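S.K.: Take this structure, written in structure tokens, and hold onto it; I'll ask about it next.
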Amino acid sequence: MSTYVEWDALANIVIVGLLVGAGLPALFALGVRALAGDGAKDESGQIRKIRVAAAVACFTVVVGAIITAIVYIAAGGH
């Protein structure tokens, strides 16, 4: 282990940064895409319900992550 760089801490920051910085926007985009559909005019009601449920799940995870971050910061997290 180097005396100047804590590699474990750096790895944790990179992993969390990738998950939050790229994962949450990608999940949000997936939810938007699920709501948009594929342009098919004859989309059955069952497929539409599955798409809406998937979009709601994606948005719930994103909003949950945002609320968790706000609570963590407000509680004095570092």
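S.K.: What nm value, rounded to one decimal, do you get for the distance between Leu18 and Thr3 when each label is placed 7 Å out toward the C-beta?
M.R.: Using points 7 Å along Cα→Cβ, the separation is 3.1 nm.
S.K.: Determine ³J(HN,Hα), in whole Hz, for all residues of region 4-10 in sequence, where each value follows from phi through the Karplus function 6.51 cos²θ - 1.76 cosθ + 1.60 and θ = phi - 60°; x replaces Gly and Pro.
M.R.: Going residue by residue, I get 9, 10, 8, 5, 5, 5, 5 Hz, with x marking Gly and Pro.
S.K.: Which of the listed residues, Leu10, Val32, Ile70, is farthest toward the dipole's positive end in the chain, when Lys, Arg count +1 and Asp, Glu count -1 at the beta-carbon?
M.R.: So the residue furthest toward the plus end is Val32.
S.K.: Can you give the Rg/Rh ratio of the chain, where Rg is from the C-alpha atoms and Rh is the Kirkwood radius?
M.R.: Here the Rg-to-Rh quotient is 1.21.
S.K.: Right, here's the next one. Report, to the nearest whole %, how much of the accessible area of the chain belongs to carbon and sulfur atoms, 1.4 Å probe, protein only.
M.R.: Result for the chain: 73 percent of the exposed heavy-atom area is carbon or sulfur.
S.K.: Where only protein heavy atoms count, and the probe is 1.4 Å, what is the accessible area per residue for the chain in Å²?
M.R.: Value for the chain: 79 Å² per residue.
S.K.: When the dipole is taken about the Cα centre of the chain, and only Lys, Arg (+1) and Asp, Glu (-1) are charged at their Cβ, what size is it in debye, to the nearest 20?
M.R.: 380
The values are calculated or read from the model by the stated rules, or taken from the named source; none is laboratory data. Not measured: the values here are computed from a predicted model. Every residue, glycine as well, gets a Cβ built from its backbone with ideal geometry; the counts of neighbours run over all protein chains shown. Calculation scope for accessible area: heavy atoms of the full protein, side chains included, ligands and nucleic acids excluded. Shrake-Rupley method; radii C 1.70, N 1.55, O 1.52, S 1.80 Å.
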